[in-house]
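Just so you know, all these numbers are worked out from the coordinates, no wet-lab data involved. Nothing here was measured: the structure is a model prediction, and the numbers come from that model. Ideal geometry is used to build each Cβ from the backbone, glycine not excepted, and the neighbour counts take in all protein chains shown.
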Amino acid sequence: MTKQRKQIIGAVAAVVVILLMFITSYNGLVNKETRVDQTSADLEVQLQRRFDLIPNLVSAVQGAMTQEREIFTELAEARSNYAGASSDDDRIQAGAQVESALGRLLVIVENYPELTSLQNVRDLQVQLEGTENRVAQARRDYNEATTSFNRAVRSFPRSIVAGLFGFEKRALFEAVEGSETAPTVDLNPQGS
């Protein structure tokens, strides 16, 4: 075999190896991005379940809680914002808005003994609690998949492939600011 032929074979082999690395990196990014999309859709299902339960809970308790109209308004606005969200970031913000108002509503329900004694309110609370657990798990799954994807997008040599094909970091779901503090609710009517 001639020296020139060996050089050609070596160059072809190098190109094939680089091409295989390129293809493997691209396919890996596609798989990770697809996993993020799947977990995002799973989370959407759980959030939609939550949003479907909220009006039922609100209806069950609304008559007894006339001074808490502000929370009902916030929940309705948050649900509308979520329905109109066009990106993951918008959905994350709307979800945080719902959680804040929902947390305050649940504290209020617990502070009304006559409400917690109603069977339909108790049933709705149990359903909502189960849904909240599923939402929390779906968020963990989404954040895990998103972190893996983001790490791949930023690591070399995949970062080159990511840049060439427009793979970008995704936002994580994070705790609502102030969620470490339990909501306080004043049940005294104005002026008392």
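Which value, in debye to the nearest 20, describes the size of the charge dipole of the stretch 3-165 about its Cα centre when Lys and Arg Cβ atoms bear +1, Asp and Glu Cβ atoms bear -1, and nothing else is charged?
Working: 18 positive and 20 negative charges, 320 e Å.
Once rounded to the nearest 20, the dipole reads 1540 debye.
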Using the Kirkwood radius over Cα pairs of the stretch 3-165, the Stokes-Einstein translational diffusion coefficient at 25 °C and 0.890 mPa s, in µm²/s and rounded to a whole number, is 128
Per the rule of 0.36 nm per residue minus the C-alpha distance, extending Ser59 to Arg154 adds in nm 29.5 nm
Between Val17 and Glu144, the FRET efficiency computed from the C-beta separation at R0 = 22 Å comes out, to the nearest 0.05, as 0.10
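Rank the residues Met1, Met21 as a footprinting-exposure proxy: fewest other Cβ atoms within 10 Å of their Cβ go first. Could the numbers behind the result be given before it?
Values: Met1 6, Met21 13.
Ascending Cβ contact count within 10 Å gives the list Met1, Met21.
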